[in-house]
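The values are calculated or read from the model by the stated rules, or taken from the named source; none is laboratory data. If you're wondering where the values come from, they're calculated on a predicted model, not measured in any experiment. Quick reminder, even Gly has a Cβ in these numbers, built from the backbone with ideal geometry, and neighbours come from all protein chains shown.
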Amino acid sequence: MSYYVYLLVSTNKNNSISYVGYTNNLKRRVNLHNNSKGAKFTKGRFWKLAYFEKFSTKSDALKKEYKLKKNYTLRSRIKKSFLKK
């Protein structure tokens, strides 16, 4: 089974916000977030997938998720490059 770490971005008029998570079914998880059935933090917003990485073990995915959540600079860099597109 594969696991994914992902970064979602939601934008409003002049504001953007990001969310980091992990899952074993990326497409289903993004759909859950966009249908307000994902994490409480993501409810009521439209999310776009800005970044994902695939891992073969849950442990590796959780380690990467933790690093991405704690590394604000990396998260901001990914978010900015996504928003420039």
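Would you mind finding the one in S2, S36 that is at positive phi and surrounded by fewer than 19 Cβ atoms within 10 Å (Cβ to Cβ)?
Sole residue among the options that is at positive phi and surrounded by fewer than 19 Cβ atoms within 10 Å (Cβ to Cβ): S36.
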Strands (runs of 3 or more DSSP E) (entirely within region 1-66) containing at least 1 residues that are of a type in the set (V, I, T): 3-11, 16-23
Just one of (1) assigned to a helix (DSSP H, G or I); (2) among the β-branched types (V, I, T); (3) surrounded by fewer than 16 Cβ atoms within 10 Å (Cβ to Cβ) trips up I78, so point out which. (3)
Please determine, by comparing only the residues of region 21-50 that are modelled with pLDDT under 95 and among the hydroxyl-bearing types (S, T, Y), which one is farthest from the chain's Cα centre (by Cα). S36
